[in-house]
Amino acid sequence: GAEGEAAVPAVRLFSRDGAAVAEEVPNAAAWQDGAVLHIGDARYRVERNPPSLTELSLPRSLLAGFPVCPKVSAEFAAPQHCVFRWFREQRPAGGEFAAGEAWVETAAAERVFTPSNALVGLRLKLRCTPGDGKQRYGPAREVESSGPVEAGPGACTFDARHLYTQKVCGHGYVRAVSYNILADTYAQTEFSRTVLYPYCAPYALEIDYRQNLLKKELVGYSADLICLQEVDKSVFVESLAPALDAFGLEGLFRIKEKQHEGLATFYRRDKFSLLSQHDIAFSEALLSEPLHKELCEQLAKYPLVQEKVLQRSSVLQVSVLQSTADSSRKLCVANTHLYWHPKGGNIRLIQIAVAMSHIKHVACDLYPSIPVIFCGDFNSTPSSGTYSFISSGGIAEDHEDWISNGEEERCSMSLSHPFKLLSACGEPAYTNYVGGFHGCLDYIFIDRNALEVEQVIPLPSHEEITTHHALPSVSHPSDHIALICDLKWK
């Protein structure tokens, strides 16, 4: 024929068993895994949805003795089916790398790798091959650490606590943790470095350093439920969720309105499944939910206080979980961080009133009579109106906290809630210890009708807390202390 009229090669598709696929078969059915496409003499094997990695990254800071948890995202694959191979740099011989391979494979072939002291000064490399659990694997990817493994801090405040939590507790038990982890947003301000935590070595306030401690601390508690406060969005996504995911925990995040930090709730996947979520922002719920109409009308009589309450960005995270071992066992897990100001007792009372009404709606109306676990940083000591209201079920109009910020901001009301709640870890001398203040602000409240306390994991000793003057320190990542208890279904 004329020039340029090259013969079009024959195109045929054959199924895995060698049969030709008819023209009229729709695409979705035609392109099966293992099919072979013939274009002229060329042969192409069809791979449908092959496992592939969309992200593989290592944390910026690596410490000897601390778990390195890579962030792994994949399509048509799952981290538990991927193959992980860890390598370390070859030690330089006389300043030069030894001839040949610069990387030496380590013995560990798990997703999480804990470098030993022998690796201090060396960089790490991870090779990951994505798999789908059906014996299919996709192309491997490699990532090298940006810096070398550094020496760890030695003994940490949580090391002794881990002796009590080496194993996950049995199916009739729930190990709960509540912990304000100190948001990076607040840790690294000039004010924090010079006024709040002047005693803390600057490197120990940095996010990468604290994340190393935090991940090791949380992983070592082998918890079923972890409620965290002051969680930066990036810390949740880049650090905590991947680390805890590798240890069997699923995470839920709720950001505060107009802020970069919020609340996180983690639950152990093989013990619980998530039935529903019912998070609220206090100010928004107060204005828009019919549930709080009466409280809202009462509050409107006190415009100064009302304005303050509505300005706050505090949120309440509520998750309903179901036991995988016994579907009749459900839990309403609430998590919050109340307004912080020392004179804000009246504001906290309004916030907790909204919280209790909302929890009542979930645990009495939506899921009748399911037990409640309510964790958080309540910014309230055991002598406060807020603590008294939660524990006793009511608060009187003449409680002194109604005038916590003076007579002109009085907003007296009498409030009640139907729950019988108990502070599972009691009333420790302090859960927050900074240079200018120490006190008990954090609690795990439990439904005493349905749950009882099996054991409370002891808090670090006063000597440990004050070794470096106060918190945070090189051996403790937050200005708060984690509360941990084992609960038993009644």
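Quick check on packing: order 332-339, 292-299 by the mean number of other C-beta atoms within 10 Å, highest mean leading.
Answer by packing, highest mean first, reads 332-339, 292-299.
Taking the Cβ of residue 386 as the centre, find all other residues whose Cβ is under 15 Å away and add up their charges (Lys, Arg: +1; Asp, Glu: -1).
Working: positive: 312, 343, 348; negative: 377, 400, 401, 427, 442.
Within the 15 Å Cβ shell, the charges total -2.
Go through region 298-303 residue by residue and turn each phi into a ³J(HN,Hα) via Karplus (6.51, -1.76, 1.60, θ = phi - 60°); whole Hz please, and just put x for glycine and proline.
Each residue of region 298-303 in turn: 5, 5, 4, 6, 10, x Hz.
With each label point set 7 Å from Cα along the Cα-Cβ vector, what nm distance links residue 80 and residue 325?
Result for the modelled spin labels: 1.8 nm.
Summing Lys, Arg as +1 and Asp, Glu as -1, what charge do residues with Cβ under 10 Å from the Cβ of residue 140 carry, residue 140 excluded?
Every neighbour counted, the sum reads +2.
Give me the net charge for the shell around residue 37: Cβ to Cβ below 13 angstrom, other residues only, Lys and Arg +1, Asp and Glu -1. Please report the intermediate quantities before stating the final value.
On the way: positive: 12, 16, 43, 45, 48; negative: 33, 41, 47.
Net local charge, residue 37 excluded: +2.
Set the Förster radius R0 to 30 Å, insert the Cβ-Cβ distance between residue 105 and residue 208 as r into 1/(1 + (r/R0)^6), and round the FRET efficiency to 0.05.
After rounding to 0.05, the efficiency reads 0.70.
For 269, 45, what's the largest-to-smallest order of accessible area, 1.4 Å probe?
Correct descending sequence by accessible area is 45, 269.
Can you give the FRET efficiency to the nearest 0.05 for residue 37 and residue 398, using r as the Cβ-Cβ distance and R₀ = 60 Å? It would help to have the intermediate numbers written out before the result.
Details: r = 83 Å, r/R0 = 1.38.
So, using R0 = 60 Å, E works out to roughly 0.15.
Determine the share of the chain's accessible area contributed by carbon and sulfur atoms, expressed in whole percent, with a 1.4 angstrom probe.
Answer for the chain is 51 percent, counting heavy atoms of protein chains only.
Taking every DSSP beta bridge that has both residues in the chain, what percent is antiparallel when rounded to the nearest 5? Write out the running numbers ahead of the final one.
Details: 83 of 97 bridges.
Rounded to the nearest five, the antiparallel share is 85 percent.
Could you let me know the centre-to-centre spacing of region 272-314 and region 332-405, using Cα atoms, in angstrom?
Between the Cα centres of region 272-314 and region 332-405 lies a distance of 12 Å.
Working with all protein chains in place, sort 178, 73 by solvent-accessible area computed with a 1.4 Å probe, largest first.
Result, largest first: 73, 178.
May I ask you to give the solvent-accessible area per residue for the chain, in square angstrom, as obtained with a 1.4 angstrom probe?
Accessible area per residue, the chain: 45 Å².
Quick one: check the C-alpha center-to-center distance for region 170-184 versus region 122-164, whole angstrom.
After rounding, the separation between the Cα centres reads 23 Å.
Heads up, I need the accessible area for residue 253: 1.4 angstrom probe, whole protein in place, Å², nearest 10.
It works out to around 50 Å².
For region 332-379, run through the trypsin sites (Lys or Arg not before Pro) and keep only the ones in DSSP coil with at most 15 other Cβ atoms within 10 Å of their Cβ.
Filter output for region 332-379: 343.
If you filter region 343-417 for GluC sites (Glu not before Pro), then keep DSSP loop positions with at most 13 other Cβ within 10 Å, what is left?
Counting only loop positions with at most 13 other Cβ atoms within 10 Å, the GluC sites (Glu not before Pro) in region 343-417 are 397.
Multiply the residue separation of residue 160 and residue 429 by 0.36 nm, subtract the distance between their alpha-carbon atoms, and state the gained length in nm to one decimal.
This chain segment gains 95.0 nm when fully extended.
Report, in deg cm²/dmol and to the nearest 500, the calculated mean residue ellipticity at 222 nm for the chain, where each DSSP H run with n ≥ 4 adds -39500 (n - 2.57) and the sum is divided by the residue count.
On the way: 12 runs with 87 residues, N = 490.
Mean residue ellipticity, 222 nm, calculated: -4500 deg cm²/dmol.
Suppose accessible area is computed on protein heavy atoms with a 1.4 Å probe; arrange 31, 103 from highest to lowest. Write out the running numbers ahead of the final one.
Working: 31 95, 103 30 Å².
I get 31, 103, largest accessible area first.
Give the distance, in whole Å, between the Cα centre of region 5-33 and the Cα centre of region 442-475.
66
Going down the table (330/360; 167/420; 258/420; 167/488), which pairs top 22 Å between alpha carbons? Walk me through the numbers on the way to the answer.
On the way: 330/360 15 Å; 167/420 30 Å; 258/420 34 Å; 167/488 16 Å.
From 330/360; 167/420; 258/420; 167/488, over 22 Å: 167/420; 258/420.
The values are calculated or read from the model by the stated rules, or taken from the named source; none is laboratory data. What you see is a predicted model; the values in this text were computed from it and never measured. Don't worry about glycine lacking a Cβ; one is built from the backbone with ideal geometry, like all the others, and counts go over all protein chains shown. SASA here: full protein model, heavy atoms, side chains in, ligands and nucleic acids out. Shrake-Rupley method; radii C 1.70, N 1.55, O 1.52, S 1.80 Å.
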